[in-house]
Amino acid sequence: MNARRTWRRSWVAILLLTPLLLSGCSVLQGGRLLSPQWAGLEPVAPGLYIEAGDDEREQARRGAELQAALARAEAAIRQAYGEVRSRPVVHACFTEACYAAFGGRGSVAKVYGDRILLSPRGLNWHFLAHEWSHTEMRSRLSWRGWWHMPQWFDEGVAVAISDAPEHSEAHWRWLVAHDVARPSAHGLRRLRTLDQWLAAVHRHGEDQNAQRRARGEPEIHPVYTAAGQALRPWLQHVGTAGLLRFIEQVNAGAPFDEAYDAAASAAAGKGQAVKAAEPTR
Ligand SMILES: [Zn+2]
């Protein structure tokens with residue numbers, strides 16, 4: 001555990017004393033989610049705020065669509081974790097200016113503790129389920145478990161559960177066909193801290209998609225998709241029971257890598273081979 005990681009974790013631990021747990025963005029701006037109505041959002045349902053607008057019918061339509069997306073995301077969380085323990089508050093932005101005002105930049109969605117922020121590009125059940133998975137995972141981890149949970153695993157579970165086309169098997173095949181640099185299975189598992197994860201996202205150009213869109217080029221998501229490639233087969237084979245047992249073991253003090261590999265071996269022992277992400281450059 002390096003000094004930077006220790007510093008970051010300690011910093012987040014201090015933030016936890018407030019109702020917010022930060023996930024890699026501006027504290028001050030993310031903190032605006034604590035008072036969404038002061039920041040230009042309006043409530044449309046319990047736990048759901050949307051960017052204010054003048055057209056009432058349009059606002060009602062957007063609210064109804066988001067409620068349907070929330071129900072689908074909740075079903076995906078329930079299917080993966082067996083039950084839903086977390087109840088995140090959702091904030092939806094319909095403009096990039098709104099998203100940026102809350103600290104969102106470049107990404108599609110964000111989670112600040114139990115508060116989800118959606119950009120105009122993430123107004124669907126996939127990105128709700130992705131961020132909700134982070135909240136659900138956190139709600140099930142002890143302090144110790146959370147401390148030791150690598151970022152690549154948390155992201156991989158979120159990617160696998162949310163089934164977003166942007167991070168799909170089909171996108172992986174497209175990346176391979178176009179020889180886009182991707183993290184190897186081994187390299188992925190070295191992305192343990194949020195800093196390491198964000199550095200890899202930057203290194204692979206995954207934070208340059210706004211510029212690609214502006215140039216009319218396809219987006220690339222090599223790091224998130226690599227995490228999905230690792231976790232999709234793992235989750236499929238260990239199942240809900242295996243995931244919960246794994247979380248229990250990590251909470252009880254089992255080293256993460258040992259517990260992860262043991263869960264995969266146990267599934268393989270039942271006659272199911274866990275396909276590793278292919279070696280990549
Ligand atoms: Zn994520």
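The values are calculated or read from the model by the stated rules, or taken from the named source; none is laboratory data. In this text the structure is predicted, and so the values were computed from the model without any measurement. With ideal geometry, Cβ positions are generated from the backbone for all residues, glycine too; neighbour counts draw on all protein chains shown.
Check off (1) over 25 Å from Ile116 (Cα atoms); (2) without any contact (Cβ under 8 Å) to a residue 40 or more places away in the chain for Leu175 and give me the number that stays unchecked.
The one condition Leu175 does not meet is (2).
Here are some conditions: (1) within 19 Å of Gly156 (Cα to Cα); (2) out of contact with any Ser or Thr (no Cβ under 9 Å at 6 or more places or on another chain). Gly216 meets all but one. Which one does it not meet?
Condition not satisfied by Gly216: (1).
I'd like to check something: does region 87-109 contain any residue that is more than 13 Å from the ligand (Cβ to nearest atom), touching a Leu at 6+ places or on another chain (Cβ under 9 Å) and of a type in the set (Asp, Glu)?
Taking every residue of region 87-109 in turn, none turns out to be more than 13 Å from the ligand (Cβ to nearest atom), touching a Leu at 6+ places or on another chain (Cβ under 9 Å) and of a type in the set (Asp, Glu).
With Arg232, Arg245, Arg215 as the choices, which residue is loosely packed, with under 13 Cβ neighbours inside 10 Å and of a type in the set (Lys, Arg)?
Of the residues listed, the single one that is loosely packed, with under 13 Cβ neighbours inside 10 Å and of a type in the set (Lys, Arg) is Arg215.
For region 225-245, which positions are touching a Phe, Trp or Tyr at 6+ places or on another chain (Cβ under 9 Å) and closer than 29 Å to Val176 by Cβ?
Once the filter is applied, which keeps residues that are touching a Phe, Trp or Tyr at 6+ places or on another chain (Cβ under 9 Å) and closer than 29 Å to Val176 by Cβ, region 225-245 yields Thr225, Ala226, Ala227, Gly228, Gln229, Ala230, Leu231, Trp234, Val238, Gly242, Leu243.
Working carefully through the options Ala60, Ala73, find the one that is of a type outside the set (Lys, Arg), in contact with a Phe, Trp or Tyr (Cβ under 6 Å, 6 or more places away or on another chain) and assigned to a helix (DSSP H, G or I).
It is Ala73.
Mind counting the residues in region 81-103 that are under 27 Å from Gly145 (Cα atoms) and either part of a loop (DSSP other than H, G, I, E, B) or in contact with a helix residue (DSSP H, G or I) (Cβ under 6 Å, 6 or more places away or on another chain) (or both)?
The qualifying residues number 8.
With (1) surrounded by 22 or more Cβ atoms within 10 Å (Cβ to Cβ); (2) in a helix (DSSP H, G or I) as the list, and Leu117 as the residue in question, which single condition is left unmet?
The single condition Leu117 does not satisfy is (2).
Thr225: modelled with pLDDT under 90 and not hydrophobic (A, V, I, L, M, F, W, C), yes or no?
No; evaluated as a whole, the condition is false for this residue.
Take residues that are over 30 Å from Ala254 (Cβ atoms) and away from the ligand (no atom under 15 Å from the Cβ) and tell me which of the helices (runs of 4 or more DSSP H) falling wholly in region 120-237 contain 3 or more.
169-177, 209-215
Could you tell me which numbered condition Ala210 fails, if it satisfies all but one of (1) modelled with pLDDT of 95 or more; (2) within 22 Å of His126 (Cα to Cα); (3) surrounded by fewer than 23 Cβ atoms within 10 Å (Cβ to Cβ); (4) of a type in the set (Gly, Ala, Ser)?
Against the list (1) modelled with pLDDT of 95 or more; (2) within 22 Å of His126 (Cα to Cα); (3) surrounded by fewer than 23 Cβ atoms within 10 Å (Cβ to Cβ); (4) of a type in the set (Gly, Ala, Ser), Ala210 comes up short only on (1).
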